[in-house]
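Engineer: Below you will find the structure I want to go over with you.
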Amino acid sequence: MSELLLQNDAHRWQAVLDRNPDADGHFIFAVITTGIYCRPSCRARHALRENVRFFPDADSARAAGFRPCKRCQPDLPAAGQHRLDKIEQACRLLEQAPPVTLDALARQVAMSPYHFHRLFKATTGMTPKAWQLAYRAERLRQNLAAGTTVTDAVLAAGFPDSSSYYRHADRALGMTAQQYRSGGRDTTLRYALEGCTLGRCLVAESERGICAILLADNDQQLLAELARAFPGAHREAGDKDFTRRVHQVIAVLDNPRHTLALPLDVRGTAFQRQVWNALRQIPAGETVSYQRVAQAIGKPRAVRAVASACAANTLAVVIPCHRVLRVNGALSGYRWGLARKAQLLARESEQEEP
């Protein structure tokens, strides 16, 4: 369902006619001839439009004298919300040390390991193991930023020992712990400045992959933004081989339905990486709300944090934060300007699948 969500009765009535489960939680409808209120997705026979009233929630419908439908049970948590609550519970368990096994997690949320693993990945975009490693990496970043020694930071983050850390943390941080503490010092970034249909673009690459795709009106703005993102790194202009790879990035910026076949060096906290993974699941030409993304990662109350994660994205278009709108479908803040966001969405809606 489009995220021009249900801001008038015509939209709400259409959602009821479609029995659209995406509308559940946004409003309740009641039938004055039966005295019953339902979820939008209720499978009961449709009433006449003139007999239907809309309410923001079950409490409001009940206060108006209506009683809950026995079929869709709108006074109880939705099945989807129940599953999200289980995933959120699992995430809290994964934050604990020592490591929690898949079987133990599944038992604690009353699911089979197979079903739990499938649901967790579908909801968060990550396996439980990857989520736990990402969370530890976030803890590690926080501890290193606070000045904790590398060894103490490793143990406090939940890694069982230093050897376990050194097997995983380089990939999680995008650099060594010592380099992270110094703002990327002793790392080298190659970059190139190019034009594209969205204006001027800067593409930067570390030894691990593309780490920045920035947009602006001029090159000075781009270079300043790169310096802010990687203050301690050595930055140098790329060679001809790198320039050829940059052309692949520009092709994606000019047509977001194309897929970038280059490795990415995605740097962020565990939460940010969860959000960005969820964004990469949104097909070109579709949009979702910040609320929907928060639900998808198992943290339905973290709407503002989702918006902050979108704003922290440094890989324009490739991580498509432009496909996230307010719950009413309105454009909201975009790191590279609302005009570019509108341009990207308009272009994606017009382009046909290749």
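Coordinate-derived values only; no laboratory data. As the structure is a prediction and not an experimental result, all values here were calculated from the model. Don't worry about glycine lacking a Cβ; one is built from the backbone with ideal geometry, like all the others, and counts go over all protein chains shown.
Engineer: Would you mind ranking Trp336, Trp131 by Cβ crowding within 10 Å, fewest neighbours first?
Structural biologist: By the 10 Å Cβ count, ascending, the order reads Trp336, Trp131.
Engineer: Does region 270-350 classify as rounded, prolate or oblate by the C-alpha gyration tensor (a ≥ b ≥ c root eigenvalues; a/c under 1.5 gives rounded; else a/b over b/c gives prolate, otherwise oblate)?
Structural biologist: Verdict is prolate for region 270-350.
Engineer: So which lysines pass the test for Lys70, namely a Cα distance under 30 Å, with those fewer than 8 places away in the same chain ruled out?
Structural biologist: Lys86, Lys299
Engineer: A further question follows. Using θ = phi - 60° and the Karplus curve 6.51 cos²θ - 1.76 cosθ + 1.60, what whole-Hz ³J(HN,Hα) does each residue of region 272-278 get, with Gly and Pro shown as x?
Structural biologist: For region 272-278, the Karplus curve yields 4, 5, 4, 4, 5, 4, 5 Hz.
Engineer: Something else about it: Assign unit charges at the C-beta atoms only (+1 for Lys and Arg, -1 for Asp and Glu), then state the dipole size of region 222-316 relative to its Cα centre in Debye, rounded to the nearest 20.
Structural biologist: So the dipole magnitude of region 222-316 works out to roughly 380 debye.
Engineer: Please report Asp59, Asp85 as a ranked list, fewest other C-beta atoms within 10 angstrom at the top and most at the bottom.
Structural biologist: Neighbour counts put them in this order, fewest first: Asp59, Asp85.
Engineer: How high is the relative contact order of region 9-68, in percent, with contacts defined as C-alpha pairs under 8 Å that are six or more residues apart?
Structural biologist: Relative contact order for region 9-68 comes out at 37 percent.
Engineer: What percent does the relative contact order of region 188-254 come to when contacts are Cα pairs within less than 8 Å and at least six residues apart?
Structural biologist: Relative contact order, region 188-254: 36 percent.
Engineer: Now, a different point. Neighbouring Cβ atoms within 10 Å as the yardstick, rank Ser332, Ser289, Ser112 fewest first.
Structural biologist: So the residues, fewest neighbours to most, are Ser112, Ser332, Ser289.
Engineer: Sticking with this one: Taking H placed 1.01 Å from N in the peptide plane, check which residues at least 5 places from Arg326 or on another chain put their amide H under 5 Å from its amide H.
Structural biologist: Here the answer is Ser332, since their amide H atoms fall under 5 Å of that of Arg326.
Engineer: Using the Karplus curve 6.51 cos²θ - 1.76 cosθ + 1.60 with θ = phi - 60°, what ³J(HN,Hα) values do you get for each residue of region 224-230, in whole Hz, with x for Gly and Pro?
Structural biologist: Couplings: 5, 5, 4, 5, 5, 6, 9 Hz.
Engineer: Label region 188-254 by shape, choosing from rounded, prolate and oblate, from the square roots a ≥ b ≥ c of the eigenvalues of the Cα gyration tensor; if a/c is under 1.5 it is rounded, and otherwise prolate applies when a/b is larger than b/c, oblate when it is not.
Structural biologist: oblate
Engineer: How many angstrom lie between the Cα centre of region 121-137 and the Cα centre of region 250-309?
Structural biologist: So the two Cα centres are separated by 15 Å.
Engineer: So who's got an amide H within less than 5 Å of the one on Ile210, skipping anything under 5 residues away but keeping other chains? H placed 1.01 Å off N, in plane.
Structural biologist: Close amide H contacts, sequence-distant or interchain: Leu264, Asp265.
Engineer: Loop only by DSSP, 15 or fewer other Cβ within 10 Å of the Cβ. Give me the trypsin sites (Lys or Arg not before Pro) in region 42-71 that pass, ordered by residue number.
Structural biologist: Qualifying residues, ordered by number: Arg43, Arg45, Lys70, Arg71.
Engineer: Using θ = phi - 60° and the Karplus curve 6.51 cos²θ - 1.76 cosθ + 1.60, what whole-Hz ³J(HN,Hα) does each residue of region 330-338 get, with Gly and Pro shown as x?
Structural biologist: Calculated HN-Hα couplings, in order: 6, 5, 10, x, 9, 3, 10, x, 5 Hz.
Engineer: Using the beta-carbon distance between Ala346 and Thr127 and R0 = 35 Å, what value does 1/(1 + (r/R0)^6) give for FRET efficiency, to the nearest 0.05?
Structural biologist: Approximately 0.45, to the nearest 0.05.
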